[in-house]
Amino acid sequence: MMRENAPAILGGTPVFQSPLGIVRPLFPSIDTIYSHLGQAMKSGQLTNNGQYVRELEFGLADFLGVKHVILVSNGTLALMILAKAIAEEGEVILPSFTFPATAHAMVWAGLQPVFADISRDTYTLDPASVAPLINEKTAAIMGVHIFGNPCQIDELQALADKHWLSLIFDSAHSFGSRYRGRRVGLFGLAEVFSFHATKIFPVGEGGAISTNDNALAKQLRLLRTFGDPGTENTQIPGLNAKMQEFNALIGIENLKVISRHIEHRCALAQYAHAELLDVPGLTFQKKQIYSEPNYQNLSVLVDEKAFGLNRDQLLLVLRAENINARKYFYPPLHNHKTYDSLCTLKKCKLPVTEFVSNRVLCLPFYSDMSESTLNGMCKAIKRIHLHSRPIRQYLDSRPDISKQG
Ligand code: T4K
């Protein structure tokens, strides 16, 4: 075997000279926000629903086509105060294939997560798995538009309507994604976004709740600010979930470029899908015909038999090429220690979640990724597949390395 054509794990030259991280946040240049930040600092108002937070809330409401956007300090707090606003107690049916915050926030709000399965193609909450879990304790259904791929919203809404339940969405990944031509943010009773540094719309730490419901929006604003309507006589035990002016300033600049970024990500995702189409054993998250994901993440699902290596082995071998993929989301939440007792009680049986979570890998993916970088990643994956047999033999002989996957 020619060394230069060999994968890096077998002694070839890595495709990339320096490591590609899973995400690379794009922030506006400091110059663009400097003068505004200077003004804010001069005025002394750095937080507490300041000028820039209000400006960003208006801008986001306009962008999403929704009546109310309530900015908060992160997506987890957004989920917590939304849960608190919709129910005092009861169960929330949600997927296990998600980031821990989705379920943890429900627990913090005094609600009990109940894990439902996902659809094999879209990786989003499967309405057929939700239906049998509905009972007199169910307070809400929460879909997660995972990796930016919108849920089966119509089907979930029909279920919620039939049983008089609130439908909410963890839209942490899906800022700018569309469903039936409209941006997510206005579906269900409310949706929650994360603007964490790792997200497509990064402000550092930040998040938002969007809703068309006036009463809910009022309640959320109270919950965000100690339960104080501005009278110093609190109405409810709210907490501090306010966004700072600095983060809002970054958001205002992001909003000017986000559509361009999403367009670029969609084009890149299409390119990657086409490049890797013929690689045996690799398949992609599918979108519904009327969905337009923002491609917050670019994932591949690895079939060990056809590809020649399993997902964990591919992760390791990519790392040698300086491609730092991630196992989002493994293990699924029902297998986390946190939810041990819940799942013993509820007998969580989630075969599709297990299937996907054991096989899916998220590849590095950025709003400013060049086609040549993406091409390099695709080339590396193809090269790895072609050498899968010797790689497997090598990994079998090196259990110390295999363990790191
Ligand atoms: N719901 C869902 C479905 C979510 O995915 C999340 C968060 C939430 C709710 C809660 O929203 P927030 O409360 O976070 O607003 C990261 C993020 O911390 C987390 O926000 C995110 N989901 C999750 C999917 O990813 P980790 O543990 O993977 O982060 P970490 O520190 O390993 O960072 C990943 C990569 O990002 C690193 O390789 C370096 C890069 N990075 C990271 C940070 C923090 C940067 O380039 N800049 C940075 O500032 O959780």
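Mind ordering 42-55, 236-249 by average Cβ neighbours within 10 Å, highest first?
Averaged packing, sorted descending, gives the order 236-249, 42-55.
Compute log10 of I(q)/I(0) for segment 234-307 with the Debye formula, placing one identical point scatterer on every Cα and leaving out solvent, at q = 0.22, 0.25 Å⁻¹, to two decimals.
Results for segment 234-307 at q = 0.22, 0.25 Å⁻¹ read -1.02, -1.16.
Rounded to the nearest 5, what is the percent of antiparallel bridges among the DSSP beta bridges in segment 88-232?
DSSP beta bridges in segment 88-232 are roughly 30 percent antiparallel.
Nearest 500 deg cm²/dmol is fine: what mean residue ellipticity at 222 nm does the chain get from its DSSP H runs of n ≥ 4 alone, each adding -39,500 (n - 2.57), divided by its residue count?
That comes out to -12500 deg cm²/dmol.
If I measure Cβ to Cβ between cysteines in the chain, which ones have no partner under 4.7 Å?
Here C151, C266, C362, C378 come out as lacking a disulfide-compatible partner, given the Cβ-Cβ threshold of under 4.7 Å.
Of all DSSP beta bridges in the chain, what percent run antiparallel (nearest 5)?
55 percent
Assuming 0.36 nm per residue, please report the length gained on full extension of the stretch L133 to K337 beyond their Cα-Cα distance.
Contour length minus Cα-Cα distance gives 71.2 nm.
In nm, to one decimal, how far is the M41 label point from the K347 one, both placed 7 Å along Cα→Cβ?
That separation, rounded to one decimal, is 6.2 nm.
Taking only Cα atoms, what is the 0 to 90° angle, nearest 10, from helix 311-320's long axis to the longest principal axis of the chain?
80 degrees
What list of ³J(HN,Hα) values in whole Hz, one per residue of segment 248-255 in order, does the Karplus curve 6.51 cos²θ - 1.76 cosθ + 1.60 (θ = phi - 60°) give from phi, with Gly and Pro shown as x?
Couplings: 5, 4, 5, x, 4, 5, 4, 4 Hz.
Report, in degrees rounded to the nearest 10, the 0 to 90 angle that the Cα long axis of helix 214-224 makes with the longest principal axis of the chain.
The answer is roughly 80 degrees.
Expressed as a whole number of Å, what is the distance separating the alpha-carbon centroids of segment 10-83 and segment 113-170?
28 Å
Any idea what the dipole of the chain comes to, in debye rounded to 20, about its Cα centre with Lys/Arg Cβ at +1 and Asp/Glu Cβ at -1?
740 debye
Going through the cross-link list K287/K379; K199/K287; K218/K242, which pairs have a Cα-Cα distance over 22 Å in this structure?
K287/K379
Hey, could you get me the Stokes-Einstein D for the chain, Kirkwood radius over alpha-carbon pairs, 20 °C and 1.002 mPa s, rounded to whole µm² s⁻¹?
Once the numbers are plugged in, D ends up at 96 µm²/s.
Just to confirm the number: angle between the C-alpha axis of helix 153-162 and the first principal axis of the chain, 0 to 90 degrees, nearest 10?
It works out to around 50 degrees.
Taken together, the values in this text are just the output of simple stated rules run on the coordinates, not laboratory data. A quick note: this is a predicted structure, and the numbers were derived from the prediction, not measured. In this analysis, Cβ positions are derived from the backbone assuming ideal geometry, glycine residues included, and neighbour counts consider all displayed protein chains.
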